[in-house]
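Notes to accompany the following structure.
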Amino acid sequence: MLDKLLLGRYIQSDSFIHRLDPRTKLLGSFYFIGIIFLANNLWGYGLLILFTFLAIALTGIKLSYFINGVKPMIWLILFTVVFQIFFTIGGEVYFQWGPIVITSLGVINAIYIFLRLVLIIMMSTILTLTTAPLELADGIEHMLRPLEKIGFPSHEIALMLSIALRYVPTLIDEAQKIMNAQRSRGVEFDQGSFIQRMKAVVPVLVPLFVSAFNRAEEMATAMEARGYRGGEGRTKFRQLQFTRQDFWVVLAFVIVTVALIALRLYV
């Protein structure tokens, strides 16, 4: 399951989405999370699904790749959906057994919550799969730069975020190797009670943390050896700039926002 997590993974390509400015992709991802709450009917969610699938098509990456990326989160999503079904009361009552009540409003809200979470995960996956860690760090640093006037360490924050994202796949691969080594010694991670499964994970966490700290120390030493002194006076080899493609993306978001508001008010 760990090898299906897509967080922090980057796939190199030359698609329309890959060529966008990282600031456009960052702001677009956050903006999408905001406008998804404008949808309050099936037409609105249908529009968002169409928009997300169009964005996936423009990445040039197979749809199955994104669906596999949602699978590790499916139990968390289903738990949220079930919670929504049983604790939302309103509309026609479909089933009642003691305090457990399933109503039409609960089912509809559960479907909307499911769609929201899946679409947000897919849109976030588009950002990480199509944006190199260095580009992501540059984009975050540019957006945080106005806060430097009040002493905010934008360069250091961007560097920490990019390093964290960069090493998520590495840590996942390392955890998978440790789990495989433990399996070869007879450890079963998928059997037993919940407590027994948690106990089986502890021998994985200890070497994983030791490896992560060693890797962080080696990286700090390597950065100091190369004369790294923070962001002060630092120049950029690649300069970020908005292009016509970014303009089309902004226009697409504006059109989707207007359409969602219209569907919310008049449908």
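Determine, yes or no, whether Leu117 is aliphatic (A, V, I, L, M) and open to solvent by 70 Å² or more (accessible area, probe 1.4 Å). Reasoning before the result, please.
Details: aliphatic (A, V, I, L, M): yes; open to solvent by 70 Å² or more (accessible area, probe 1.4 Å): no.
It is false that Leu117 is aliphatic (A, V, I, L, M) and open to solvent by 70 Å² or more (accessible area, probe 1.4 Å).
Please verify whether Phe83 is out of contact with any His (no Cβ under 7 Å at 6 or more places or on another chain) and open to solvent by less than 60 Å² (accessible area, probe 1.4 Å), treating the condition exactly as stated.
Details: out of contact with any His (no Cβ under 7 Å at 6 or more places or on another chain): yes; open to solvent by less than 60 Å² (accessible area, probe 1.4 Å): no.
Here the answer is no, as Phe83 does not meet what is asked.
For region 24-40, a tally of residues being open to solvent by less than 20 Å² (accessible area, probe 1.4 Å) and closer than 24 Å to Leu105 by Cβ returns 3. Taking each residue of region 202-218 that is under 15 Å from Lys177 (Cβ atoms) and looking for partners that are surrounded by 10 or more Cβ atoms within 10 Å (Cβ to Cβ) and among the small types (Gly, Ala, Ser) with beta-carbon atoms closer than 6 Å, six or more apart or interchain, yields Leu208/Ala175. The lone criterion from (1) surrounded by 12 or more Cβ atoms within 10 Å (Cβ to Cβ); (2) within 13 Å of Arg116 (Cβ to Cβ) left unmet by Leu58 is number (2). Taking each residue of region 149-167 that is charged (D, E, K, R) and looking for partners that are open to solvent by less than 60 Å² (accessible area, probe 1.4 Å) with beta-carbon atoms closer than 8 Å, six or more apart or interchain, yields Glu156/Gly230; Glu156/Gly231; Arg166/Gly8; Arg166/Pro133. I'm trying to understand the selection: among the residues of region 144-153, which are assigned to a helix (DSSP H, G or I) and loosely packed, with under 13 Cβ neighbours inside 10 Å? Listed by number, the residues that qualify are Pro146, Leu147, Lys149, Ile150.
Among the residues of region 83-104, is there at least one that is out of contact with any Gly (no Cβ under 6 Å at 6 or more places or on another chain), charged (D, E, K, R) and without any contact (Cβ under 8 Å) to a residue 60 or more places away in the chain?
The first filter runs over region 83-104 and keeps only residues out of contact with any Gly (no Cβ under 6 Å at 6 or more places or on another chain), leaving 83-84, 86-87, 89-102.
Narrowing further to those that are charged (D, E, K, R): 92.
Among the residues that remain, those that are also without any contact (Cβ under 8 Å) to a residue 60 or more places away in the chain are: 92.
Within region 83-104 (the criterion being out of contact with any Gly (no Cβ under 6 Å at 6 or more places or on another chain), charged (D, E, K, R) and without any contact (Cβ under 8 Å) to a residue 60 or more places away in the chain), the answer is yes, since at least one residue qualifies.
Of these, Glu141, Glu156, Glu135, Glu174, which one is crowded, with 18+ Cβ neighbours inside 10 Å, over 22 Å from Leu20 (Cβ atoms) and under 22 Å from the mean Cα position of the chain (by Cα)? Before you say what the answer is, go through the steps one by one.
Values: Glu141 fails: over 22 Å from Leu20 (Cβ atoms); Glu156 fails: crowded, with 18+ Cβ neighbours inside 10 Å; Glu135 fails: over 22 Å from Leu20 (Cβ atoms).
Going through Glu141, Glu156, Glu135, Glu174 in turn, the sole match is Glu174.
May I ask you to list pairs of residues, at least six apart or on different chains, whose Cβ atoms are under 7 Å apart, with the first in region 4-26 being at negative phi and modelled with pLDDT under 85 and the second being open to solvent by less than 40 Å² (accessible area, probe 1.4 Å) and in a loop (DSSP other than H, G, I, E, B)? Listed pairs, sorted by first residue: Tyr10/Thr131; Tyr10/Ala132. Of the set (1) within 20 Å of Met73 (Cβ to Cβ); (2) open to solvent by less than 30 Å² (accessible area, probe 1.4 Å); (3) part of a helix (DSSP H, G or I), all apply to Arg197 but (2).
When region 208-267 is examined, which residues are found to be hydrophobic (A, V, I, L, M, F, W, C), in a loop (DSSP other than H, G, I, E, B) and open to solvent by less than 50 Å² (accessible area, probe 1.4 Å)? Write out each step before concluding.
Let us first name the residues in region 208-267 that are hydrophobic (A, V, I, L, M, F, W, C), namely 208-210, 212-213, 216, 219-220, 222-223, 225, 237, 240, 242, 247-256, 258-263, 265, 267.
Restricting the remaining residues to those that are in a loop (DSSP other than H, G, I, E, B) gives 237, 240, 242, 267.
Hit for region 208-267 is Leu240, nothing else.
The values are calculated or read from the model by the stated rules, or taken from the named source; none is laboratory data. Keep in mind that what you see is a predicted model, and the values were worked out from it rather than measured. Here Cβ is always computed from backbone atoms with ideal geometry, including for glycine, and neighbour counts include all displayed protein chains. When the accessible area is computed, the model is the full protein with side chains, heavy atoms only, and any ligands, DNA or RNA have been set aside. Shrake-Rupley method; radii C 1.70, N 1.55, O 1.52, S 1.80 Å.
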